[in-house]
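Below is one structure; the comments refer to it alone.
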């Protein structure tokens, strides 16, 4: 997924919230021993973070889609302007979908209205489908997603002040490299993946620049009843990364 970034503008407080196995892997379906309670435990920690919105990438978002297809042709032209089906919600589910690939067939996830983050290359037919499903959308770039611009729009248009990033390693890594993460929340569970090359909390491509951080400071630690350890870190971004 292509990403761009610029100055921080009006940025919400960003918490990157993740779960990992003892060996640092994040694909929970591979963890052993299995534990059906992990999902509930994750949701409990989510509630304690007290955010206005949560964010996932396209691959994760695709798992929530309920519809097979939108019409491939549509005669009406839509200006590339933000469109919000609902304002004033207690929380929003924000999904990065730059090319408009997710066919939703629903307006919310767990009661949280969906906000699709698009680029201007998305077709009119896809925009018509989103409107039909009452899925809000915003544009954050012409051909690449500008994460800082997206955060500014979410703050200005929907009043989002605290955003929880639950992306896979690629999405999490993009936010970190852009100097946008204020806090890392990591719950390490008593399980092991053991698979070489399995996804981790932060990933990047070989041609992408590395992470530039000034400091990462432990703010709190807590042992949970399930045997997991919940760690929260304050992140101080390098000034050079913030100016990019």
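On C-alpha positions alone, give me the angle between the axis of helix 38-49 and the longest principal axis of the chain, in degrees, nearest 10.
Roughly 80 degrees between the two axes.
In whole percent, what relative contact order does the range 91-136 give with Cα contacts below 8 Å and a gap of six or more residues?
Normalised by residue count, the contact order of the range 91-136 is 46 percent.
Helix 147-158 sits at what angle to the longest principal axis of the chain, using alpha carbons and giving 0 to 90 degrees rounded to 10?
Roughly 70 degrees, rounded to the nearest 10.
How high is the relative contact order of the chain? Use alpha-carbon pairs under 8 Å, at least six apart in sequence, and give a whole percent.
The normalised contact order for the chain reaches 30 percent.
Over the chain, with a Gaussian network built from C-alpha contacts below 10 Å, which listed residue (160, 14, 22) shows the highest mean-square fluctuation?
Between 160, 14, 22, it is 22 that shows the largest mean-square fluctuation.
On a C-alpha basis, how far is the centre of the range 75-118 from the centre of the range 179-222 in Å? Whole number, if you could?
Centre-to-centre (Cα) distance: 28 Å.
Add -39500 (n - 2.57) for each DSSP H run of 4 or more in the chain, then divide by its residues: what number comes out at 222 nm, to the nearest 500 deg cm²/dmol?
It lands at -6000 deg cm²/dmol.
No value in this document is a laboratory result; all are computed from the given coordinates. Here the structure is a predicted model, which is why all the values come from computation and not from measurement.
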